[in-house]
Amino acid sequence: MPYSIPGPRSVSILEKGRHLARDGCGYEEPVSDASGQGFMEHPPQFINDRAEGPWIYDPDGNRYVDFHAGWASNPLGNAHPEIIEAVVKALKRWGFSYGHPLQYELAERLVEISPAKKLRRVNFEISGTEAAEAAVSTALFRKERPLVIVFEDAFHGDSIAARALSSLNSDRAKYLEAWRGGAIHVPYPHTYHVPAGMNPEQYADYIIWYIEDFICSKVTPPESIAGILFEPCMAEGGNWIPPATFITGLKRLAGQFDWLLLADEVLVGLGRTGRMWAVVHWDLVPDVLVTGKNLSGGIEPIAAILGTEEVMAENEAHSGSTFAGSPAGCAAALKTLELFERDGVVEYVRRMGEKALQRMQKWPRMFEIVGQVRGIGLLLGASIVDKETGKADREMALSVYYEALRHGAWLINDNEANIRLYPALNIEEDTLEYGLTAVEEALAVLGRERKGYRCSAYPTFD
Ligand SMILES: Cc1ncc(COP(=O)(O)O)c(C=O)c1O
């Protein structure tokens, strides 16, 4: 039986805080708007009462497989006891203070695991947002050039500068359009919904051509561009995996025009794709690599950029902030990396990823609302479409998110026509299968019977 959520205990918590949330006041309106249009009134929002390993428990006794994973930041499941222990130890010894040795240990470890061990300089940041911005300012200062190339559907963070570098959807760019001055936005080669008549490889080739022949001859001379900020697999935009020719094309352009390659692996790095870094799939060593999320072990925020000697040494760009490289953050990262090695996590991700993808590949045949699925390691995504028109359907994707909750799986859907799954990298096979069953049940229900849910009637403090 699907859960009836939110249960009474969850509701009482939700009601308490509703009016305090940024979007909380609009509650009655969207609910009546939704029901007036024949949609379900109450999307089944829930309260996270306890998070443990790959599971989340609500206060009403229901449990969920956690494919949300702290927005893909808990590599080894929720509240990993060994990481917590390491963090507590660091807090007891150093609290928050500067000059502690863990930052040197962590820098050394990051250099060791960097692609081909070639990124030998490290700068700590707190968030992925800061780190992505740091990569860009590092490139601008090294090249003494004002522009960078970035991609449509990319997400590099929610600060003003990071939004200018991103283009996840136009709502997020609202009123910031003019701040994009230094960023040249070009398409990213999705493997679905590519322009008519093209296959994904042709689309990738077109984009490389567009940069080389259009941007560099009509928009700006290539000497004004410092580098390319790119996600080797595009995460927030829908967990897309680009054709290999896209990555090799970027590499060629960088060589040809003396541009730096800035790989944002905040979400896809550190094991998510079944390699330590996603760029390794294409034997690419970027000039700067941006990391975050998983580095925290899901316990204590920390992020970093890693770069080559040539790019980072004696570079006058400024980045970082007060709490960057904190003792607790470094302790969390060091323990996470130790557990990765001890438990063979990256190799395990490859195996689990293959199993998950094998099962998901049946979805487009099983469910008319699934247009396409994709996966690399445990970076898993599916495009949700209108079953009559076959067109991308954001509202139905949101409905799948809600319905999956009722069946016991917590996914990610962020105003997009995709569902995204980020299982813990050490998830047990049974738990993974249980979660995929829950998603399949949701897809079956929505594809068959219902119109779906209209809106988030309960507020979220995001
Ligand atoms: C690729 C990428 N870069 C940067 C960020 C921003 O990271 P944070 O939210 O830690 O600031 C994200 C967050 O989702 C991301 O996916």
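Taken as entire DSSP H runs, the helices of the chain that both span 27 Å or more between Cα atoms along their own long axis and average -0.5 or more on the Kyte-Doolittle scale are 429-448.
A protection proxy built from the mean count of other Cβ atoms within 10 Å ranks the segments 352-362, 412-422, 263-273, most packed first, as 263-273, 412-422, 352-362. For ARG350, the shell of other residues with beta-carbons less than 14 Å away shows a net charge of 0, using +1 for Lys and Arg and -1 for Asp and Glu. Look at the alpha carbon pairs under 8 Å that are at least 6 residues apart: their mean separation over the length of region 48-157 gives a relative contact order of 13 percent. A probe of 1.4 angstrom, applied to the heavy atoms of all protein chains, finds ARG342 with accessible area near 140 square angstrom. Multiplying the residue separation of GLU105 and TRP71 by 0.36 nm and subtracting their alpha-carbon distance yields 9.5 nm. Structural descriptor for the chain: relative contact order 24 percent, calculated from alpha carbon pairs under 8 angstrom and at least 6 residues apart. Among the listed pairs LYS362/LYS387; LYS117/LYS335; LYS118/LYS251; LYS218/LYS251; LYS92/LYS335, those whose Cα-Cα separation exceeds 18 Å are LYS117/LYS335; LYS218/LYS251. The local environment of ALA417, defined by Cβ-Cβ distances under 10 Å, has a net charge of -2 under the rule Lys, Arg +1 and Asp, Glu -1. The length gained by stretching the chain between ARG365 and ILE13 to full extension, at 0.36 nm per residue less their Cα-Cα distance, is 122.7 nm. For the peptides 138-146, 194-202, 225-233, residues were scored by their other Cβ atoms within 10 Å and the scores averaged per peptide; the highest-first order is 225-233, 138-146, 194-202. Taking 7 Å steps out from each Cα toward its Cβ at GLU144 and GLU201 produces label points 4.3 nm apart.
Peptides 120-128, 158-166 ranked from most to least packed by the mean count of surrounding Cβ atoms within 10 Å: 120-128, 158-166. Sorting ASP430, ASP171 by accessible area puts them as ASP430, ASP171; the probe is 1.4 Å, largest comes first, and only protein heavy atoms count. Rolling a 1.4 Å probe across the protein heavy atoms gives the chain an accessible surface of 43 Å² per residue. Averaging the sequence gap over all C-alpha pairs within less than 8 Å and six or more residues apart, then dividing by the number of residues, gives region 97-325 a relative contact order of 30 percent. Helix-only arithmetic for the chain: the sum of -39500 (n - 2.57) across DSSP H runs with n ≥ 4, divided by the residue total, places the mean residue ellipticity at 222 nm at -11500 deg cm²/dmol. Taking the protein heavy atoms of the chain in the context of the full set of protein chains, the accessible area attributed to carbon and sulfur is 51 percent at 1.4 Å.
The values are calculated or read from the model by the stated rules, or taken from the named source; none is laboratory data. Because the structure is a prediction, the values reported are computed rather than measured. Cβ: placed from backbone, ideal geometry, glycine included. Neighbour counts: every protein chain shown. Ligands, DNA and RNA are stripped out before the accessible areas are found, and what is left, the full protein with its side chains, is counted by its heavy atoms. Shrake-Rupley method; radii C 1.70, N 1.55, O 1.52, S 1.80 Å.
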